[in-house]
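Enquirer: Please find one structure pasted underneath; my questions will follow.
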Amino acid sequence: MTRSIGEAARARLADAIRATRNEHGIEVLEVDPARVADVLRFLRDEPDLAFAMLLDVTAIDGLSLGWPERFRVVYHLYSLSRNERAKVVASVPEENPEVASVHGLWKSADWLERETWDQYGIVFIGHPNLVRLLNHKDFVGHPLRKDYDIKKGQWLSEPDDLMDQLEKARNGLLPDN
Amino acid sequence: MAAESGETTRRAELLDAAPRRGAGSRTESMVLNLGPSHPAMHGTLRVLVELDGETILHAIAEIGYLHRGFEKSVERGTYTKVIPFTDRLNYCSAILNNIGYVKAVEKMMGIEVTPRCAAIRVITGELSRVMDHLIAVGTNIVDIGALSNFWYLFNEREKIYNVIEDLCGARLTTCYTRIGGLAHDIHEGFVEGTRTLLKELPVAIREVERLVRGNKIFLDRTIGVGAIGAEEAISWGWTGPCLRATGLAHDLRKRDRYYGYGDYEWDVPVGENGDTYDRIFVRIYEMYESLRIVEQALDRLPDGPVNVDDPRVTLPPKGEVYENIEGLMNHFKIIMEGIQPPAGEVYDATEAANGELGFHVVSDGTGRPYKIKVRSPSLALFAAYPRLVKGKMIPDAIATVGSLNIVAGELDR
């Protein structure tokens, strides 16, 4: 009998795990936002868990859901060896919506964290290039927040010359570019 | 001997005396935009490259040119109104997106679709996968100069579109599934039409396979180009044919066995080197496997209804709507208030044409989705693109982008 993901995480990182539950067959770990990177590293590196794939990062804006903290940052993981998924959730407050970046753990985290910053305004501390991914560089606000009005258009016509990005790449700050 | 060496010395003297062309000049790199409006950049992809000659020193990818706010827009309507939006994710295989979305909502509501519905979803989904792969392979090899293959493959794709058009009334924007079933059962003639496809498609695919397999230009342009190892591909979050091209037989249809995929006999083709060549051939072989699945599914297509008997999601028969008040109310509530999954969250994924297509749905118990996040396979693939082309040449970059089959609708949402 292999141990469940929640049990394994609790055994090692009891202080970082706030709650675990099963959601339609997927193990959910609610974690201390300050320890997100520790938990994710553990899930990736523990041999019998081996969550080698970070499939998605997103956030949920709980503005009208009455949550103690406004945002939840969500990580969807997949373990090829277990054929099992896991979801790691960290609640962060509106005034200080930040967690540590995990770009060093999975290469996929780079763009996924950029998208979450772009759409929800979650700050990923330590990300080498936290710029918008889908929206225009001059866009103001974060469109997937519930208080962003869908009808609020922004006229943005200045193309991005990307030279700041190229400069970062030249200086070795973006090793994959 | 002596004369020869004298001549060599003289030539050296002449060269020395000649003014040095380019002496004191310096080499400068060139910055060039690939896309966003260029046929080779499939849709609306933009990559800024810094070049030394034709070698790419740095590449910066910028996406979002087709960002339509899918995730914002779907929060305004009912759960049913999301289905046409999903057509526009990977528009080359719309039915696979339709299936992926409704499957997530069904999981949330604890609904199991009828056997006939599952089989029809498999058949139409696999036909869509074949269409998607035909486009991917066709456009990939036209980008490297093999125009005739493009026509051969697009002719076949057109035949599938004719069947899909008869089925849904639309070629690309199919909107064929519903939560708990399908928009309607298959039409008379669908089975025969699909059986004709099963005869004609392999002939055409084999023809193209033979045209390219021994073609030296094709081999030179694809073998070892844009190669990536399995471990790195996993770190980038790659799934689908591109991950399988690295040698890993990871396919959600085999792993999760949804819709009875485990009951059909079929194989998962894998590559070896994770290069453009492997990605093209994994797609070619997957088409044969998809057709195998379709054939078996047609052979044992079960009878029965295509929609579940569940008043929470399925519209009542028209007779009841017109003739009794319960039916009328039920119809009205599903249309006006919408289907109401219980409050909570779900993440569910299917194997779409490009890999794992996931839907993370959050419900607050009302008839409108609180949040829907699409896990797009193209995003993970394109994020790795700068790394794949760095240090390579421009023609390699063009061959590589085609083999990843980035679909902007799904990439930018």
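The values are calculated or read from the model by the stated rules, or taken from the named source; none is laboratory data. Owing to the predicted nature of the structure, the values given are computational and were not obtained by experimental measurement. Glycine gets a Cβ as well: all are built from the backbone with ideal geometry, and neighbour counts include every protein chain shown. The protein model used for the area step is the full one, side chains on, heavy atoms only, and it has no ligands, DNA or RNA in it. Shrake-Rupley method; radii C 1.70, N 1.55, O 1.52, S 1.80 Å.
Enquirer: Could you check how much of the accessible area of the protein assembly as shown is carbon and sulfur, as a whole percent, using a 1.4 Å probe?
Expert: 53 percent
Enquirer: Could you size up the charge dipole of chain B around its Cα centre, putting +1 on the beta carbon of Lys and Arg and -1 on that of Asp and Glu, and report it in debye to the nearest 20?
Expert: 760 debye
Enquirer: So, for chain B, what is the accessible surface per residue at a probe of 1.4 Å, expressed in square angstrom?
Expert: Ligands and nucleic acids excluded, the result is 40 Å² per residue.
Enquirer: Kindly identify residues of the stretch A:105-121 having a loss of at least 30 Å² in accessible area between the isolated chain and the assembly of all protein chains, probe radius 1.4 Å.
Expert: Residues of the stretch A:105-121 that lose at least 30 Å² of accessible area once the other chains are added: A:K107, A:S108, A:W111, A:E115.
Enquirer: So which residues in the stretch A:1-43 end up with at least 50 square angstrom less accessible surface once the other protein chains are there, compared with the chain by itself, probe 1.4 angstrom?
Expert: Residues shielded by partner chains are A:H24.
Enquirer: When chain B is modelled as a GNM with alpha-carbon springs shorter than 10 Å, which of B:T366, B:T44, B:T246 fluctuates the most?
Expert: B:T366
Enquirer: Please identify the trypsin sites (Lys or Arg not before Pro) of the stretch B:45-148 that satisfy two criteria: DSSP loop assignment and at most 12 other Cβ atoms within 10 Å. Which are they?
Expert: Sparse-neighbourhood loop trypsin sites (Lys or Arg not before Pro): B:R76.
Enquirer: While we're looking at this one, here's another question. Let me check against my output: what whole-number percent is the relative contact order of the stretch B:141-215, with C-alpha pairs under 8 Å and at least 6 apart?
Expert: Relative contact order, the stretch B:141-215: 31 percent.
Enquirer: Let me ask something else. Can you give me the angle between helix B:276-299 and the longest principal axis of chain B, using Cα atoms only, in degrees from 0 to 90, rounded to the nearest 10?
Expert: Between the helix axis and the principal axis of chain B, the angle is about 20 degrees.
Enquirer: Further question: Tell me which trypsin sites (Lys or Arg not before Pro) from the stretch B:277-327 have a DSSP coil assignment and no more than 13 other beta carbons within 10 Å of their own.
Expert: B:R300
Enquirer: Cut-off under 24 Å on the C-alpha distance; same-chain residues fewer than 8 positions from B:K199 excluded. Which lysines are left, in chain and number order?
Expert: Filter leaves B:K159.
Enquirer: Just how many pairs of Lys in chain A have C-alpha atoms closer than 19 Å, counting pairs that are eight or more places apart or on different chains?
Expert: 4
Enquirer: A further question follows. Just in the stretch A:85-172: which chymotrypsin sites (Phe, Trp or Tyr not before Pro) are loop by DSSP and have at most 11 other Cβ atoms within 10 Å?
Expert: When the chymotrypsin sites (Phe, Trp or Tyr not before Pro) of the stretch A:85-172 are filtered for loop state and at most 11 Cβ neighbours within 10 Å, A:W155 remain.
Enquirer: Using only alpha carbon pairs under 8 Å that are at least six residues apart, calculate the relative contact order of the stretch B:308-413 and give it in whole percent.
Expert: Reported as a whole number, the value is 17 percent.
Enquirer: In addition: Just which residues of the stretch B:228-266 lose 40 Å² or more accessible area with every protein chain there, against their chain alone, with the probe set to 1.4 Å?
Expert: Residues passing the criterion (a loss of at least 40 Å², heavy atoms only) are B:I234, B:S235, B:W236, B:R255.
Enquirer: Using helices alone, I'd like the mean residue ellipticity at 222 nm for chain A: each DSSP H run of four-plus residues gives -39500 (n - 2.57), total over residue count, nearest 500.
Expert: Calculated mean residue ellipticity at 222 nm is -6500 deg cm²/dmol.
Enquirer: Then there is this: Only Lys, Arg, Asp and Glu count, each charged at its Cβ (+1, +1, -1, -1), so figure out the dipole size of the protein assembly as shown about its Cα centre, rounded to 20 debye.
Expert: 260 debye
Enquirer: Something else about it: Using a Gaussian network model of chain B whose springs link C-alpha atoms within less than 10 Å, name the residue from B:V362, B:V308, B:V212 with the highest mean-square fluctuation.
Expert: Result: B:V212 has the largest fluctuation of those listed.
Enquirer: Right, next: Past the 23 angstrom mark, what percentage of all C-alpha to C-alpha distances in the stretch B:252-385 do you count?
Expert: For the stretch B:252-385, the fraction of Cα-Cα distances above 23 Å is 58 percent.
Enquirer: Run the helix sum for chain B: -39,500 (n - 2.57) per DSSP H stretch of 4+ residues, divided by residue count, reported at 222 nm to the nearest 500 deg cm²/dmol.
Expert: One gets -15500 deg cm²/dmol as the mean residue ellipticity at 222 nm.
Enquirer: Please compute the Kirkwood hydrodynamic radius of the protein assembly as shown from all pairs of different C-alpha atoms, in Å with one decimal.
Expert: Computed over Cα pairs of the protein assembly as shown, the Kirkwood hydrodynamic radius comes out at 25.6 Å.
Enquirer: Among the aspartates and glutamates, select those whose C-alpha is under 18 Å from the C-alpha of B:K216, and discard any that sit fewer than 8 residues away in the same chain.
Expert: B:D143, B:E207, B:D275, B:D278, B:D396
Enquirer: Rounded to the nearest 5, what is the percent of antiparallel bridges among the DSSP beta bridges in chain A?
Expert: Here the antiparallel bridges make up roughly 75 percent for chain A.
Enquirer: So, one more: Can you grab the distance from the C-alpha centre of the stretch B:195-239 to the C-alpha centre of the stretch B:89-108, Å, no decimals?
Expert: 25 Å
Enquirer: Evaluate the charge dipole of the stretch B:25-183 about its Cα centre and quote only its size in Debye, nearest 20, assuming +1 on the Cβ of each Lys and Arg and -1 on the Cβ of each Asp and Glu.
Expert: 720 debye
Enquirer: Could you do me a favour and compute the accessible area per residue for the stretch A:63-118, 1.4 Å probe, result in Å²?
Expert: Ligands and nucleic acids excluded, the figure is 34 Å² per residue.
Enquirer: Could you tell me the distance between the Cα centroids of the stretch B:356-413 and the stretch A:25-80, to the nearest Å?
Expert: 20 Å
Enquirer: Hey, what did the stretch A:1-64 get for relative contact order, percent, Cα under 8 Å, at least 6 apart?
Expert: The normalised contact order for the stretch A:1-64 reaches 22 percent.
Enquirer: Now a separate question. Total accessible area buried between chains A and B, 1.4 Å probe, in Å² to the nearest 100?
Expert: Using a 1.4 Å probe, the pair buries roughly 4700 Å².
Enquirer: Which of A:L162, A:L43, A:L112 moves most in a GNM of chain A, Cα contacts under 10 Å?
Expert: Maximum fluctuation in the GNM of chain A, among the listed residues, is at A:L162.
Enquirer: How big is chain B in terms of Cα radius of gyration and Dmax, in angstroms?
Expert: 26.0, 115
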